[in-house]
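*Asks:* Encoded as C-alpha cells, here's the structure I'll be asking about.
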Amino acid sequence: GENVEQHPSTLSVQEGDSAVIKCTYSDSASNYFPWYKQELGKRPQLIIDIRSNVGEKKDQRIAVTLNKTAKHFSLHITETQPEDSAVYFCAASRANNAGKSTFGDGTTLTVKP
Amino acid sequence: EAGVAQSPRYKIIEKRQSVAFWCNPISGHATLYWYQQILGQGPKLLIQFQNNGVVDDSQLPKDRFSAERLKGVDSTLKIQPAKLEDSAVYLCASSFRRVDTEAFFGQGTRLTVV
C-alpha cells in the first residue's frame, strides 16, 4: 500500500518568514496530493491540492510543488502569520478515489509574532 | 452549507465496554469515510462507503469494529469490546462522489478508553 512520510515533525518560524514542509510517497499510482490544516481540536481542512499533471500550484501565500519522478511534494507558505500556526498534513491518493487518502504524520507549525 | 456532523464530541469508556459514533454527512454526498486519528499521527482510513455499500474496509479491525450506512445517508461506527489502544479521534468525512472531489471532515469524536 501507499506510505507517506512527512518532514519536519515540528517547525518554528518568525512571523514574515517562509515555511517549507516536505513529503515523500511510495505508490507511483498516486496522482492526487491534498494538504490539510488542522487547528487544535478542530477538523482537518483542505487548504490546497495538486494533481500529477502539474508541477506547481499557487494560491495567494501558499504553493505546492510536485516531483513525480522523485515521488516528493512540498508545501510552501510565504509571509507567515501567527494564524498560520497549526498542524499541517500532506496526503496522497488516486484521483479516481480522491477522498481515500494516506496521510503523513503531520507538521506542527508555530509562527512566533 | 452545513458541514459533516458527528456525535458525541467526547466519550470516555472503560476497556471491554462498547461504544458507537454517529455521522451525518453533507447533504447529497454519496461517499462517506471513517478515519482513526491517534494522537500525534495522521488520520488512517478505516472504512469507505459509496451510498450504502462498502467500498473498502481492508483496514477495519473487524473482530471489534463494525460500521454501517443503511440508507446511504447517516453512518454509525461501533467498537465492541474497546481496547486501550482504541483511544483516538474518530473522524467522519464525506465527498460528493469518489472521483476528483475533495473530502470534507467532521470535527470528530474523541474516544478515551481507560
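The values are calculated or read from the model by the stated rules, or taken from the named source; none is laboratory data. From a predicted model like this one, the values you see are computed outputs, not experimental measurements. Here the Cβ is made from the backbone with ideal geometry for all residues, glycine too, and neighbour counts use every protein chain on show.
*Asks:* Can you find a residue in the range A:69-80 that is within 9 Å of another protein chain (Cβ to nearest Cβ) and either within 24 Å of B:GLY108 (Cα to Cα) or buried (at least 21 other Cβ atoms within 10 Å of the Cβ) (or both)?
*Replies:* So far as the range A:69-80 goes, no, none of its residues is within 9 Å of another protein chain (Cβ to nearest Cβ) and either within 24 Å of B:GLY108 (Cα to Cα) or buried (at least 21 other Cβ atoms within 10 Å of the Cβ) (or both).
*Asks:* Further, regarding this structure: Could you tell me which residue of the range A:94-108 is nearest to the chain's Cα centre (by Cα), considering only residues that are at the interface with another protein chain (Cβ under 9 Å from one of its Cβ atoms) and in a strand (DSSP E or B)?
*Replies:* Of the residues in the range A:94-108, the ones at the interface with another protein chain (Cβ under 9 Å from one of its Cβ atoms) are A:95-106.
With the extra rule that they be in a strand (DSSP E or B), the set shrinks to A:97-103.
Details: A:ASN97: 19, A:ALA98: 15, A:GLY99: 15, A:LYS100: 16, A:SER101: 13, A:THR102: 12, A:PHE103: 10 Å.
Among those that are at the interface with another protein chain (Cβ under 9 Å from one of its Cβ atoms) and in a strand (DSSP E or B), it is A:PHE103.
Residue-wise test of (1) touching a residue at least 24 places away in the same chain (Cβ under 8 Å); (2) under 29 Å from B:LEU60 (Cβ atoms).
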| site | (1), (2) |
| --- | --- |
| A:LEU46 | no, yes |
| A:ASN53 | no, no |
| A:ILE77 | yes, no |
| A:PRO82 | yes, no |
| A:ALA92 | yes, yes |
| A:THR102 | yes, yes |
| A:LEU109 | yes, no |
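Residue-by-condition table, conditions (1) in contact with a Phe, Trp or Tyr (Cβ under 6 Å, 6 or more places away or on another chain); (2) over 14 Å from B:PRO25 (Cβ atoms); (3) surrounded by fewer than 15 Cβ atoms within 10 Å (Cβ to Cβ):
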| residue | (1), (2), (3) |
| --- | --- |
| B:SER58 | no, yes, yes |
| B:PRO61 | no, yes, yes |
| B:LYS71 | no, no, yes |
| B:ILE79 | yes, yes, no |
| B:ALA88 | no, yes, no |
| B:ALA93 | yes, no, no |
| B:THR101 | no, no, no |
| B:VAL113 | no, yes, no |
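*Asks:* Follow-up. Test of understanding: among B:GLU102, B:GLU85, which residue is within 12 Å of chain A (Cβ to nearest Cβ) and free of Cβ contacts under 8 Å to residues at least 60 places away in the same chain? Give the derivation first.
*Replies:* On the way: B:GLU85 fails: within 12 Å of chain A (Cβ to nearest Cβ).
It is B:GLU102.
*Asks:* Within the range A:80-91, is there a residue that is modelled with pLDDT of 95 or more and over 22 Å from B:GLY40 (Cα atoms)? Show your work before the answer.
*Replies:* Initial filter on the range A:80-91 (modelled with pLDDT of 95 or more): A:80-91.
Still in the list and also over 22 Å from B:GLY40 (Cα atoms): A:80-81.
Yes, the range A:80-91 contains a residue that is modelled with pLDDT of 95 or more and over 22 Å from B:GLY40 (Cα atoms).
*Asks:* Kindly indicate whether any position in the range B:5-25 is at the interface with chain A (Cβ under 9 Å from one of its Cβ atoms) and of a type in the set (A, V, I, L, M).
*Replies:* Within the range B:5-25, none of the residues are at the interface with chain A (Cβ under 9 Å from one of its Cβ atoms) and of a type in the set (A, V, I, L, M).
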